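The values are calculated or read from the model by the stated rules, or taken from the named source; none is laboratory data. Keep in mind that this is a model prediction, so the values were computed, not measured. When we count neighbours, we look across all protein chains shown, and the Cβ atoms used for this are built from the backbone with ideal geometry, even at glycine. Surface areas here come from the heavy atoms of the whole protein model, side chains and all, with no ligands, DNA or RNA. Shrake-Rupley method; radii C 1.70, N 1.55, O 1.52, S 1.80 Å.
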Amino acid sequence: MPRVAIDVLLKREILDPQGRALERALPGLGHGEASDVRVGKHIELDLDVSGDELATTVESMAHDFLTNPVIETYVWRIIQPDERADANS
Amino acid sequence: MRVGVITFPGSLDDHDALAAATRGGAEGVGLWHGDTDLSGVDAVVLPGGFSYGDYLRTGAIAQHAPIMAAVRAFAADGGPVLGICNGFQILCEAGLLPGALLRNSGLRFVSRPVFVTVERRDTPFTRGFDHPGPWSVPLKSGEGCYHADPATLDRLEAEDRVVFRYLPGDNPNGSARNIAGVSNEAGNVVGLMPHPEHAVDDDLAGGDDFLAMFAGLASDVPEHESLSR
């Protein structure tokens with residue numbers, strides 16, 4: 001069964017106060033090299049569909065429920081077991 | 001006038017909304033998120049709280065509750081629908097109101113009285129106000145920063161759909177153009193972040209500036225509105 005990862009961020013023109021707070025904190029932790037910090041969501045799920053239906057399913061799910069198109073944008077991809085964000089846990 | 005108040009899992013202010021409807025002279029009717037009809041009420045309130053624990057996004061899960069199909073049909077038919085705080089977030093997620101509510105720009109949960117002006121007094125929820133204010137009302141929210149793209153904001157202003165505004169210089173959460181509440185195109189669906197149901201009793205901390213909202217709702221239902229449903 002394919003596993004899909006969906007990454008969600010606030011649209012670029014929207015102020016991300018969490019990202020800004022981290023951006024301000026990082027120099028104090030010795031990471032002055034970091035900039036343009038944005039905080040979002042990473043969603044993973046198994047999908048019991050394949051082929052063309054996969055993209056349609058993911059996009060419908062993401063557009064109608066997992067993200068709010070008024071404020072958020074997303075990218076998605078099919079991932080292998082070793083690409084899970086929790087693969088090394 | 002029967003005012004229905006929907007309880008979702010995680011609603012907090014449903015009982016205050018029922019009490020406010022009663023205090024305004026209406027009959028408060030409790031409605032359940034799992035219901036599929038509105039029990040014949042004349043107006044619907046989506047109360048404040050943290051429905052479904054604010055999981056995913058505020059209001060994102062509640063907008064798919066079984067009762068929301070009936071709310072959509074009622075709203076499309078011209079029925080008065082009010083969303084307070086989390087209820088406003090739900091109405092935005094449901095697409096019944098434009099825009100969305102973001103994390104407060106200061107990142108802090110804000111719990112304090114604010115002043116708002118009533119910019120439009122011909123909705124079912126604002127016809128009881130005899131002047132634009134400012135009126136005092138409690139605000140208590142962490143995700144109350146109203147956002148819409150500039151074209152939508154321009155359209156809202158042009159169509160007179162900004163119903164409540166924070167005072168210039170006292171915008172508590174970074175909301176675009178100091179917007180505290182908006183309406184749909186027809187004016188029968190209204191949402192706001194502050195809590196009018198906590199401002200209906202002068203013996204309590206919230207004062208009673210917003211009793212006019214519930215008194216206005218309870219009285220003076222134009223005949224064409226009641227006939228149209």
Requested in this report: Consider all pairwise Cα distances in the range B:2-219 and report the whole-number % of them above 27 Å.
Outcome: 21
Query raised in the report: Could you list, bin by bin from short to long, the percent of Cα-Cα pairs of the protein assembly as shown in 20 Å steps?
Result: 31, 53, 16, 0
Requested in this report: Provide a list, ordered by number, of residues in the range B:28-70 showing at least 40 Å² less accessible area with every protein chain present than when their chain is taken on its own, using a 1.4 Å probe.
Outcome: B:Leu56, B:Arg57
Report task. Once you have all Cα-Cα distances for the range B:104-187, histogram them in 10 Å bins from zero and send the whole-percent values. Result -> 18, 49, 31, 2
**Report entry** Rule-of-thumb Rg ratio for chain A [Cα; 2.2 N^0.38 Å; N residues]
**Finding:** 1.31
Requested in this report: Name the residue, out of A:Leu15, A:Leu45, A:Leu66, whose mean-square fluctuation peaks in a Gaussian network model built on chain A with Cα pairs under 10 Å.
Outcome: A:Leu15
Query raised in the report: Of B:Ala205, B:Ala60, B:Ala20, which has the largest mean-square fluctuation in a 10 Å C-alpha GNM of chain B?
Result: B:Ala205
Query raised in the report: Nearest 100 Å², what total accessible surface is buried between chain A and chain B (probe 1.4 Å)?
Result: 1200
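R0 = 35 Å: FRET efficiency of B:Glu159 with B:Leu204, Cβ-based, nearest 0.05? Intermediate values should be presented prior to the final figure.
Working: r = 36 Å, r/R0 = 1.02.
Between B:Glu159 and B:Leu204 the formula returns 0.45.
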Report summary line: Residues from the range A:11-60 losing no less than 50 square angstrom of accessible surface in the full protein assembly compared with the chain alone, 1.4 angstrom probe, ligands and nucleic acids excluded, are A:Pro17
Query - Shielded residues, the range B:101-122 - accessible-area loss of 50 Å² or more between chain alone and all protein chains, probe 1.4 Å - result: B:Leu102, B:Leu107
**Report entry** Accessible surface, the range A:3-83, averaged per residue in Å² (probe 1.4 Å)
**Finding:** 63
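Starting from the coordinates of the alpha-carbon atoms of the range B:6-134, obtain the Kirkwood hydrodynamic radius over all distinct pairs and give the value in Å to one decimal. Walk me through the numbers before you get to the answer.
Details: mean 1/r = 0.0642 Å⁻¹.
Result for the range B:6-134 stands at 15.6 Å.
What Kirkwood hydrodynamic radius, in Å, does the range B:154-215 give when the mean of 1/r is taken over all pairs of distinct Cα atoms and then inverted? Let's see the in-between values first.
Details: mean 1/r = 0.0778 Å⁻¹.
Kirkwood radius, the range B:154-215: 12.8 Å.
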Query raised in the report: Carbon-plus-sulfur fraction of the accessible area of the range A:3-83, 1.4 Å probe, in percent?
Result: 53
Query raised in the report: A:Arg84 label point, 7 Å along Cα→Cβ, cut-off 13 Å on backbone N: hits in the range A:39-61?
Result: A:44-47
Requested in this report: Kindly report the accessible area of chain B per residue (heavy atoms of protein chains, probe 1.4 Å, no ligands, DNA or RNA), in Å².
Outcome: 39
Requested in this report: Mind listing the long-range amide H neighbours of B:Val110? Cut-off is under 5 Å, sequence gap 5 or more, other chains count too, H placed in the peptide plane at 1.01 Å from N.
Outcome: B:Ser141, B:Gly142
